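No lab work stands behind these numbers, since they all come straight from the coordinates. Note that the structure is predicted; figures quoted are calculated from it, not measured. Note that we place each Cβ from the backbone using ideal geometry, even for glycine, and neighbour counts take in every protein chain shown.
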Amino acid sequence: MAILPPGVTATDFGKVLKEFEAAVGREWVITDPDDIHPYRDYFSMLKDQDDELVPSAAVCPASVEQVQAVVRIANRYKVPLYAISTGKNFAYGGPAPNLRGSVTVDLKRMNRVLEVDEKRHIALVEPGVSYMDMYRHLEEHKLKLMIDTADVGWGGLMGNTLDRGLGYTLGPYRDHVNASCGMEVVLPNGELMRTGMGALPNSGAWQDYRYGFGPDPSGLFAQGNFGIVVKMGFRLMPMPEHWRTGLITVPKRRDFLPLVDMVNYLTDLFVIGEPLYSSPLQPLLSDAAFRRAALDFNEAEMDRHAAASGRHSWQVELQFYGSEKTTLANWEWAQELIRRTVPDANCFAGDSLKMPVTQAQIDAAEHPYPAPYSSVMRRNVMHGVPKLYMWRSPGRTDDSPDTWNETHIGLFSVVGRSGEAVFKAQKDFQDVVRRTRPGAEYVSSLTPPLQWHQSAFFIGNSFFGTTTRNDNSPEGKIRQLRELRQVLKMNAEAGHGDYRAPPLLQDDVADQYSFNNHALRRFNETLKDAIDPNGILSPGRGGVWPKAHRSRRGALRK
Amino acid sequence: MKMLYVMMLAAVAPLATAQETATVTRGKEVFTRSCAPCHGADRGDFGRAMLPGTDALRIKYKGQLPALLEQRTDLTPATIRTFVRRGTWSMPPFRKTEISDEEIDAVSAYIADSARKAPRTP
C-alpha cells in the first residue's frame, strides 16, 4: 500500500518524485514496496501495524550536490526527509524514520574514505563508509592506525557517531563524538556549511581542531535534526607498540567501591582502555540460598557464599596500550594501587602482545586467567577489528533453536561513575522489574556497569527486550513496548535516563529530560523552527519536533 | 559453411567461459565483503567454532544441509535474492545501495561454483 508523506497530496508527491529522479537518476528513487522493505526497522515492535514507521520512498544521492538538490526539492513541497548513512543502527531503529511517510535519504552510495593522515592520526569520510570499509582501507594502505569500532562492524563511522555510539579502546576514541573533528553539513535550506576549522577557507587544520572560532554547533547534529552531515572528520588512535591485559579481583561486595575509585583514577589519567567489570559470582545463582541473598541484596550473606565458594565478588579486566615497558609499568602500578585499599585483592597477568596482533592471536580461545576467573573481553573490538560476532545475539542458539529475537533493542541508562551509584541503580532496576511484572524474579545485584564512555557508566534496562525472548505475536510486541515505556518512566523517576533510543521510544526518553519545564527541549525546538522552518529534516529525531509536526509528539504511544 | 559455424562456436565458447569466470570472481569479491563476515568459514568469538550466520544455519539444518553457504548446491539466484532483499530470521534485509541485483546474481554464481568445487564438510 502506497504511503504519502504527511501533509503532501498524491499529486504533489508525484511531482516530488519526478524532481528527485531528475536530481539523482531514476534508478535511485525507490518507491516499489519490495525495495522499500529494507528501509523499515526489521525489529520494530510495530511491524506490519498501520502506524509502523515506514518511509514513503527513498532517494539515494551520490554526491553532496545531489543531497543539496534533494533538500531543496523537499523544502519546496514540505516533504519530510530522514537521512541514513549505512542504515545499520539496529537495536536503535535501523533505517526507519521517526515520522511515518518521510522520504529516506539513503547516503550509502557516498562511501569514500576521503583522507587518512597516518602522521596526524586523522581521517575524513563520507556517510556510507562502514567500520569494515575503514578497516579494509587501513589494512590495504598499511596505515598504522586503529579505529574504535562499533560492536557490529557493518555500522558506519558517521552514523554511529551521530547516534552517539561508543566503543572499546582508549577513552578519547571510544566516545565517538569526542573523536570526531569537523563536519560538512547540508542545512535545511540546501546550503552547505562546515564546522570548526573547515569554516576557514584554505585551513589545513579541519581535522586537527574541532572548534574554529565562536559557537560550535557540531553537537546539534548528533541525535538531532538540524542538517544532513555529508562529510565528517575523525581522530584515529595511532597503532601502539604493545597491548597488555590484567585481571583484578576483590573479595567482598563492598570492595567494589574502592575498585571503581582506583579504575577511575587510571582511566582519567588515560592509562587504561575500556575496563571490563563483571562478577565471578554469577554461577552461584543456581544455588537457591545464594540466589535469595542476591535478590535481597543481603551483602553479608553474599560475602559468606563468595568466601565459601572460593570466589571473589567482583573483577575488572584492565587493558594497557603503549610500549612493552610502559604497559608493564602501568600494570604493576595498577596492582600497587588496588592493594593500598584492598590488600587481599588478587591480580592476574593476562595477555602481553606486540601490536598489531594477528587474527590468530585474537582468535586464541584460551582464557589467560586461573579458574574460577575468566575473561569477558571481546578481543576484536579491543584491537579495532570490526566483526559481526555480536550479531549472534538476536539469532538462533543451541538452547533456543526455533526462536529469534524479533524485537532486538538496546536500552541503557547513564549511571554515575561510582560504586555507590551502581549499587543504587541495581536496587532501582530490580524494583522497576518487580513493579512492572509482579512476580517476576530479576537478580540485579551482580549486574556490572559498562564503561563504554570515558566518564560514565551504562547499565542495560531493556529488561523485557533483549534479555528475554518474548511473545512475538503482534499483541505481544505491543505489550512489550508498553512495558518498556513504563520501565523508562520508572527509571527516570529514580534518576536514570537513557543515552540512546529507537524512534519508537525517543519521545519517551526525551520526556524524561524535563528540568525546568522542558527548557532543553524548548530551546532545541526554538532552534529547529528557526533553522528548519518547514520542518523537513527528520521530524521527531531526538524528541525534537518542528512546529509543522509538533502535534505528533508521542503519537505512537499505544 | 559448416566449418565456419564450428569455428565461430570455438571463438564464442571461450568468451562465454571468460564472462562466467569474471562473474564468479566478482561474486567471490562481493561474498567476501558482504556475506563472509557472517556466513564465512572463520571462527567466532570466545572460542566459538563458527560465525553467527554459519552457526545459525548449523542449528537450523542439523547436518541435513551444509552450514556454509559456499557448500550449498540448492540455492537458486531467486532464493538468494529473496533472502537478501527480504531478510530471514535474524538476518536483516539489504538495500540496493548496499548490494546491487547484479552483485547478488554474481554471489549466486560464486556459491554455485564454490559448491561444485569444494566438497561438503560435516
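Counting only alpha carbon atoms, the long axis of helix A:503-512 and the longest principal axis of chain A meet at about 70°. Within 10 Å of the Cβ of each residue in B:43-51, the mean number of Cβ atoms contributed by other protein chains is 6. Annotation: amide H of A:Cys181 within the under-5 Å range of A:Gly233, A:Phe234, A:Arg235, sequence separation 5 or more or interchain, hydrogens built in the peptide plane.
Each residue of segment B:52-68 was assigned a 3J(HN,Hα) from its phi angle through the Karplus curve 6.51 cos²θ - 1.76 cosθ + 1.60 (θ = phi - 60°); the sequence is x, x, 5, 5, 4, 6, 4, 5, 5, 8, 6, x, 6, 10, x, 6, 8 Hz, with glycine and proline shown as x.
Here the simple spin-label model places points 7 Å from the Cα toward Cβ, and for A:Thr341 and A:Arg435 these points are separated by 3.1 nm. Proximity of backbone amide H atoms, modeled 1.01 Å from N, is registered between A:Gly156 and A:Thr86, A:Lys88, A:Tyr131 at under 5 Å, excluding neighbours fewer than 5 places apart on the same chain. Fewest-first ordering of A:Glu118, A:Glu191 by other beta carbons within 10 Å of each residue's beta carbon gives A:Glu191, A:Glu118. The GluC sites (Glu not before Pro) of segment A:458-553 include none that meets both criteria, a DSSP state outside H, G, I, E and B (loop) and at most 10 other C-beta atoms within 10 angstrom of the site's C-beta. Across segment A:274-284, computed HN-Hα scalar couplings (Karplus, 6.51 cos²θ - 1.76 cosθ + 1.60, θ = phi - 60°) run 4, x, 10, 8, 6, 10, x, 7, 3, x, 6 Hz from first to last residue, x flagging Gly and Pro. Working ranking of peptides A:60-67, A:380-387 by packing, defined as the average number of other Cβ atoms within 10 Å per residue, highest first, is A:380-387, A:60-67.
Loop-located chymotrypsin sites (Phe, Trp or Tyr not before Pro) in segment A:475-558 (DSSP state not H, G, I, E or B) with no more than 16 neighbouring Cβ atoms inside 10 Å: A:Tyr513. Relative to one another, the C-alpha centroids of segment A:203-236 and segment A:365-422 are positioned 31 Å apart. Here is how the number arises for chain A: DSSP H runs of 4 or more residues each give -39500 (n - 2.57), the sum is divided by the residue count, and the result at 222 nm is -9500 deg cm²/dmol. Each Lys or Arg adds one and each Asp or Glu takes one away; over the other residues whose Cβ falls under 10 Å from the Cβ of B:Arg58, this sums to +1. For segment A:32-42, putting each phi into the Karplus relation 6.51 cos²θ - 1.76 cosθ + 1.60 with θ = phi - 60° gives couplings of 4, x, 5, 7, 6, 3, x, 8, 8, 7, 4 Hz, in residue order, rounded to whole numbers and with x for Gly and Pro.
Peptide A:393-406 has a mean of 4 when you count, residue by residue, the C-beta atoms of other protein chains within 10 Å of its C-beta.
Here the residues A:Thr104, A:Thr267, ranked from fewest to most Cβ neighbours within 10 Å of their Cβ, fall in the order A:Thr267, A:Thr104. List the residues, sorted by chain then number, that are 5 or more residues from A:Arg112 or on another chain and whose placed amide H is less than 5 Å from its amide H. Amide H neighbours of A:Arg112: A:Glu126, A:Gly128.
Summing charges over neighbours of A:Leu353, with a neighbour being any other residue whose Cβ is under 10 Å away from its Cβ, gives +1 when K and R count +1 and D and E count -1. Here A:Lys547 is the anchor, and the aspartates and glutamates within straight C-alpha reach of less than 14 Å, apart from those fewer than 8 places off in the same chain, are A:Glu525, A:Asp529, A:Asp532.
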